[in-house]
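Step one of this worksheet: look at the structure below.
What follows is calculated from the coordinates using simple rules that are stated; it is not laboratory data. From a predicted model like this one, the values you see are computed outputs, not experimental measurements. A quick note on method: Cβ atoms are made from the backbone with ideal geometry, for glycine too, and the neighbour counts reach across all protein chains shown.
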Amino acid sequence: MNRFAELLDRLAYEPGRNNKIKLLVAYFRDTEDPDRGYALAALTGALSFKHAKPGLIRDLITERADPVLFGYSYDYVGDLSETVALMWPKAELPGHNNPPPPTLTDVVTTLRTLGKAELPAQLARWLDELDETGRWALLKLVTGAMRIGISARLAKTAAAALGDKDPHEIELMWPGLSPPYLDLFAWLEGRGDKPVNRDPTPFRPVMLAHAIEDSDFANLDAADFSAEWKWDGIRVQAVSGRDERGHIQARLYSRTGEDITGSFPDLAPSLHLPGAIDGELLVLRDGRVQTFNVLQQRLNRKVVSPKLIKEFPIHLRAYDLLGDDETDLRELPFTERRAHLERFVAKLDDPRIDLSPTVPFASWDELAAARADPKSAGAGDDADAVEGVMLKRRDAPYLPGRPKGPWWKWKRDPHIIDAVLMYAQRGHGKRSSYYSDYTFGVWTSGENGGDELVPVGKAYFGFTDEELLQIDRFVRRNTTEKFGPVRHVVHEPDQGLVLEVAFEGLQRSPRHKSGVAMRFPRISRLRWDKPPREADRLETLERLLMSMTGN
Amino acid sequence: MRPQDILMPVPAGLCCKPGGFHIDPVRPVERALITHGHSDHARPGHGAVLATQETLDMMRLRYGDDFAGSTQAIAYGEEIRLGDVTVSFHPAGHVLGSAQIAVTCKDTRIVASGDYKDARDPTCAPFELVPCDVFITEATFGLPVFRHGDAAGEVSKLLASVKLFPERAHLVGAYSLGKAQRVIALLREAGYDAPIYLHGAMEKITYYYQERGIPLGELRPARGVKKADLAGTITLAPPSATSDVWTRRFPDPVTAFASGWMRVRARARQGGVELPLVISDHADWDGLTATIAATGAGEIWVTHGQEDALVHWCKTKGLAARPLDLVGYGDEDEGETAALTGEANGGETTA
Ligand SMILES: [Zn+2]
């Protein structure tokens, strides 16, 4: 691991392409199998395991270091993994027989199978054993935040250079290869035959999305992206190809490349055209997508009985096409792959496989509204199985790993607070006769010692038509003052209306009296049952803000 | 007598009223005691200067013969009475001739340590621990993220790179007083015996080190050497020169920088460094905290650097501690650092 870390460290500072290749070749030459193979996998994005959350890393350090010193250090360094790597206290290991630092192979193979509960202790052990650079690389690797500054293509080029081969040869055989690439290195070093991609149904490393943050939107242009629903199913890759005798073979892979064909014998016959579909595995009953809970009952079964197949009919909702027969489509921009996919699915013409529809939008606000209410934005009765939206750059190729920028996931996991309705304003268009824009507030300590409400946001959707009527009636009957189109609505500890407000994010805002601003707030429920005094306090939002910006 | 009656910070620097002198004054004063030759500590124009022979020599090299009204050399360990106090100089392990200054008045001893490091350095006398009541410590690397590790390991990184890129020149940015000579000495210890090239600004001070008996092997000026002949060589240069047109005389140079700041990636990237080498002239966090504890001082005054974190640490150990607001330190070779890091606030230092 230390050796690999050194390589990453050096690559990060070296600007020259040829010099990078030279560094890589030297590493491949001087490093044994299988370590160099796993390194090649890490560099090409072919490694996959569940990533650790930054919170876990933070917990590890706060258990071991003075929080004040950690704070000063983090402020100075500006990167959590690096701060922890640098200030990790030297382990006081008993005796002189300190374990050797873990190899990259140790780390990769352990992470593959390690349970979530065992991760913190294992990480701590490794951090004790590694040096500063090793710790840094380890933390970047386990949090999935490794930015190496080289492309998969460059890593393959360097591997080719090790054996004086044409990089294109490696590209062609790549889908048939898997870490730690022992056969590849044997061939490159003249010790073995050229690996042949005999597998008619190879797995292709999948492309993953980053969770989008509020601050990301400012730098993104809605016109550059296509959106589709994020289905609450299982990401799969369905691959068909012709074997040596020309017969169609079909395989279904999990997103980590695990062969799960055997669990879904009912899907295999539908994959009757050679190609590779990236899509979501769902259970459909009478054309309606079932929730993940239903799908779950089909998973991890040792025996797939006819009864199970009948009760939980499996379905593939396709959102990308990586290969069409012999043609690799991954280098094409998303819009072109999507066109290929639409033709491919039409040609398949199979009830078990359909297209994941795109969600039309012209602005982020429009998409936010669709995401908040998929039912009326096209998902219809399948809305319960939608867990957000996916954003895909129209011009992006299919890149293995989790490149930052081309794909984003925008989950529907709103934060919820109870706030008090303070002011209401008439809406526009159809709603111009209704009070449909609401300003709401939460409690904070006032200047005179008592509590007072401070406005924290405005919402104008999220409620049903029936709820709109109810709020409108409440506003008209409880107005305390009128200012043009705005009405002040009663908001006392024992009098007023509590709104459950869902929102996506929080930001500091000097423009608001409360100092915070919500992103995409909406009314999720009316809490007629709750007295205003029991609504949330500003401190709750402050804490949330800390936890959101804290790492 | 209270410690602050013996030494107190004034705009000119650390002032000792009962002794009638300033330590490392930043403005011209009547009598100055100088800890070491770095330009933020050793300035010209004082009436009388008391310092080690090496520090006086370096000031002469840098500022010319009339850099002070009069000078007096003091040996490590020698005691001199000045007014109501006794002063003595002790090795600080920072650069050749660097000293901590112990000021004793009645039964109170304050040690102004200047810049110091407790790590091994073949080019200067090792840091000497001086028990005292008040210890004045620098805090250049006063954060627990700064742990400099073994300098020899960093030098082997440099040598591995030279081996990997024999067709390229390696330029090592290093402060011309102390760091450059230490890197050269470490290269020699690692068995590198090829000639090492010097930027013009390094020559005088490096030859002075050799005169003082520090073996640095064969040194050559980089000036006038043909470009092709510099392939596979190592050249020491002031940090500012490594991003200068001066580098065009070298074949596809690898830019290294030897500094404690190289521990933090953002800092190294900011300077456009391709091969950061964590080699520091200052104590790292472990060095600072171990030294503070070992002096036995009950009161710690913290100056230039990350005072807050070190003061906090002292307090958690039950030591009285406060930041000492001295201005004007930590900007040795300010121009060099500013050029390298793009910061011109003078908050940088020899490192
Ligand atoms: Zn200094």
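Per the helix-only calculation at 222 nm, which mean residue ellipticity applies to chain A, given -39500 (n - 2.57) for every DSSP H run of n ≥ 4 and division by its residues, nearest 500 deg cm²/dmol?
It lands at -9500 deg cm²/dmol.
Given labels modelled 7 Å from the Cα in the Cβ direction, how far is it in nm from residue A:18 to residue B:4?
6.4
Normalised by the empirical 2.2 N^0.38 Å for globular proteins, what value does the Cα Rg of the stretch B:51-94 take?
That works out to 1.29 for the stretch B:51-94.
Report Rg (one decimal) and Dmax (nearest whole number) for the stretch B:264-325, counting Cα atoms only, units Å.
Computed over the Cα atoms of the stretch B:264-325, radius of gyration and Dmax are 14.6, 43 Å.
What nm distance separates the two modelled labels at residue A:291 and residue B:163, each placed 7 Å from Cα along Cα→Cβ?
Distance between the two pseudo-spin positions: 6.2 nm.
For the stretch A:410-500, just say rounded, prolate or oblate: build the C-alpha gyration tensor, square-root its eigenvalues into a ≥ b ≥ c, call rounded for a/c under 1.5, and beyond that prolate if a/b exceeds b/c, oblate if not.
Note, shape of the stretch A:410-500 comes out oblate.
In the structure displayed, which of A:22/B:226; A:307/A:392; A:347/A:411; A:411/A:458 lie more than 28 Å apart, Cα to Cα?
Going by Cα-Cα distance, A:307/A:392; A:347/A:411 fall outside the 28 Å limit.
Under a straight-distance cross-link criterion of Cα-Cα below 15 Å, which aspartates and glutamates are reachable from residue B:227, leaving out those fewer than 8 residues away in the same chain?
Result set, ordered by chain and number: B:167, B:252.
Between the stretch A:1-31 and the stretch B:149-181, what is the C-alpha centre distance in whole Å?
One Cα centre to the other: 17 Å.
How far apart, in nm, are two points set 7 Å out from the Cα along the Cα-to-Cβ line at residue A:495 and at residue A:482?
With each label point 7 Å from Cα toward Cβ, the separation is 1.9 nm.
Could you tell me whether the stretch A:303-381 comes out rounded, prolate or oblate from its Cα gyration tensor? Rule is a ≥ b ≥ c as square roots of the eigenvalues, rounded for a/c under 1.5, then prolate if a/b exceeds b/c, otherwise oblate.
oblate
Please figure out what share of the DSSP beta bridges in the protein assembly as shown is antiparallel and state it in percent, rounded to the nearest 5.
Antiparallel: roughly 70 percent of the beta bridges in the protein assembly as shown.
Taking the Cβ-Cβ separation of residue B:30 and residue B:218 as r and a Förster radius of 41 Å, what is the calculated FRET efficiency to the nearest 0.05?
Calculated value: 0.35.
Scan chain A and report its longest stretch carrying no trypsin sites (Lys or Arg not before Pro) that are both in a DSSP loop and have at most 12 other Cβ atoms within 10 Å.
Counting only loop sites that pass the neighbour cut-off, the longest clear stretch is A:405-510.
Taking the number of other C-beta atoms within 10 Å as the exposure measure, put A:199, A:325, B:281, A:183 in order starting with the fewest.
The most exposed by this proxy come first: A:325, A:199, A:183, B:281.
Based on the Kirkwood radius over alpha-carbon pairs, what value in µm²/s does the Stokes-Einstein equation return for the translational diffusion coefficient of the stretch A:111-269 at 10 °C and 1.306 mPa s?
Reported coefficient: 80 µm²/s.
Kindly provide log₁₀ I(q)/I(0) values, in the same order as q = 0.16, 0.28, 0.29 Å⁻¹, from the Debye equation applied to equal alpha-carbon scatterers of the stretch A:276-317.
-0.40, -1.04, -1.08
Which lysines does residue B:117 reach when only Cα atoms under 27 Å apart count, and residues fewer than 8 places away in its own chain are ignored?
Counting by Cα, and skipping residues close in sequence, residue B:117 has these lysines nearby: A:90, B:157, B:179, B:204, B:315, B:317.
Across every pair of different alpha-carbon atoms, what Kirkwood hydrodynamic radius in Å does chain A reach?
With all distinct Cα pairs of chain A included, I get 26.9 Å.
For chain B, what does the alpha-carbon gyration tensor say about shape, rounded, prolate or oblate, given a ≥ b ≥ c as the root eigenvalues, a/c under 1.5 as rounded, and a/b over b/c as prolate?
prolate
Based only on other Cβ atoms within 10 Å, what is the fewest-to-most ordering of A:4, A:344?
A:344, A:4
Report, in whole Å, the centroid distance computed from the Cα atoms of the stretch B:1-31 and the stretch A:274-313.
Comparing the Cα centres of the stretch B:1-31 and the stretch A:274-313, I get a distance of 82 Å.
Per-residue Cβ counts within 10 Å, from other chains only, averaged over B:264-270: what number is that?
Per residue, the number of nearby Cβ atoms from other chains is 4 on average.
Taking 0.36 nm per intervening residue step and subtracting the Cα-Cα distance, what contour gain separates residue A:342 from residue A:219 on full extension?
Extra length from residue A:342 to residue A:219 when fully extended: 41.3 nm.
Give me the count of lysine pairs in the stretch A:95-229 whose alpha carbons sit under 23 angstrom apart, restricted to pairs 8 or more positions apart or on different chains.
Step by step, the pairs that qualify in the stretch A:95-229 add up to 5.
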